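The values are calculated or read from the model by the stated rules, or taken from the named source; none is laboratory data. All of these numbers come straight from a predicted model, not from anything done at the bench. Note that each Cβ is placed from the backbone with ideal geometry, even for glycine, and that neighbours are counted across all protein chains shown.
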Amino acid sequence: MIREYEIKGEKLLPASEGEGDVIIHVDPDEKLRKKLVDKYGLDEHTLNSALDPDELSRIEFEPDHRAIIFKRPKNYSGEEQFLFSVSSFGMFWFKKELIIVTSEDVELFESKIFNKVISIEDVVLKIMYGTIYHYLGHLKVINMISDSLEQKINTSMQNEYLINLFTLEKSLVYYLNAINSNGSLINRLKQNDKKLKFSPESLEMIDDIIIENEQCYKQAEIYSNILASLMDARVSIVSNNLNILMKKLNIITIAIMVPTLVVSAFSMNVKIPLSDYGQAFYIILGLALMSVLGFFLFWRYKKW
C-alpha cells in the first residue's frame, strides 16, 4: 500500500500519485523494495532494518539523503493477550521528499501537532513528537489495565491474572528499550544540528522532544518498577486466597463430621441407651444439632 501527502498551505494533505512530498510505503514486498532501492538509491540493508521490529533507532548519512530508523508502539489488538510490543519504521529524508517505510498501516499524521507543517524537516520532527505521545497513550492504557488486574487478584485464586501482569511487565521492558533507543537518536540529531542545518525553530522543537522523551521514559520506568516490586506481594495474595478457601473447606468438613459421629454412635447394632424410648429419634437429632452448635462456638472462641 502506498499513500502520498503534499505540504500545502502549511498543512499536510493527501496527494495524487507522483505528486506527494511525503510518500508512505506500508509493508512493501520484495518487488517494491527493489524499486525503492533502484529509484531512490536506498541502502538495501537499511531498508530491511526499517521493517525489523528488533532494530535499534539510528541515523545514517548518505550522499543525497539521511536514513532514520525510529521505534514506535505497535498497534494493539485483543489477540495480543495484554502484550504491548514495538515496531520500527524508516524515514528516508531527501531535500524535497520524505520516504516513509513501515511494516503496518498506521496513521502517522493524526496528531494535532500536524496542523501546521512548513517543510519536510517539520514533518520528520513532528512524527517523532507524535510517536512520544503515542507511547504516553499506551502507558496510560497499561496503567489502567494494571489497576483492573490488581483488583481482580485480590479475590482470585488462579494464576491467570498474574500471567497477565507478567505480560504487562514484559511490555514495559520493550517500551523502555525502545524509548531509550529513540532518545539516543534524538540526542544525535541535536549533536549534528550543523550538519543537518536545522532552523532555530527546529532546534527548539528538538529540545522539546528530548524533554518529552525523557519524561516518557521516566513514566514507563516508574510503571515498570511498581509492577516488579509488587509482583511478589500479588503472588502472596493469590496463595493466601487459596489458603483461606482450604481453611473454609476444612471447617465445613469438620462441621459435617461432628453430627455424623453422634448419629453413627446411636445407629450401632447393639443395645444402646434410648433404644426403647419412643422419642429417641428426635433426641438424637437434637444431640447432633447441639454438637454442631458446640463446634461453631468452639471455632468462634478460638477465632479460627
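General observations
- Residue count for the stretch 36-46, restricted to those that are crowded, with 19+ Cβ neighbours inside 10 Å and free of Cβ contacts under 8 Å to residues at least 12 places away in the same chain: 0
- Here residue 96 fulfils each of the conditions (1) assigned to a loop (DSSP other than H, G, I, E, B); (2) surrounded by 14 or more Cβ atoms within 10 Å (Cβ to Cβ) apart from (2).
- Considering only residues in the stretch 47-86 that are part of a loop (DSSP other than H, G, I, E, B), more than 13 Å from the chain's Cα centre (by Cα) and of a type in the set (A, V, I, L, M), the one that is surrounded by the fewest Cβ atoms within 10 Å (Cβ to Cβ) turns out to be 56.
- The number of residues in the stretch 1-32 being polar (S, T, N, Q) and assigned to a strand (DSSP E or B) comes to 0.
- Residue ID - surrounded by the fewest Cβ atoms within 10 Å (Cβ to Cβ), chosen from residues in the stretch 110-132 that are acidic (Asp, Glu) and not in a loop (DSSP other than H, G, I, E, B): 121
- Residue in the stretch 133-160 that is surrounded by the most Cβ atoms within 10 Å (Cβ to Cβ), counting only those that are over 17 Å from residue 221 (Cα atoms) and touching a residue at least 40 places away in the same chain (Cβ under 8 Å): 153
- The set of residues from the stretch 211-257 being surrounded by 17 or more Cβ atoms within 10 Å (Cβ to Cβ) and at pLDDT 75 or above comprises 212, 213, 216, 217, 219, 220, 223, 224, 227.
- Cβ separations smaller than 8 Å between residues 6+ apart or across chains give the following pairs from the stretch 170-190 residues that are in contact (Cβ under 8 Å) with a residue 24 or more places away in the chain to residues that are in a helix (DSSP H, G or I) and of a type in the set (S, T, N, Q): 172/224; 173/224; 176/224; 179/213; 182/131; 182/213; 183/213; 186/213.
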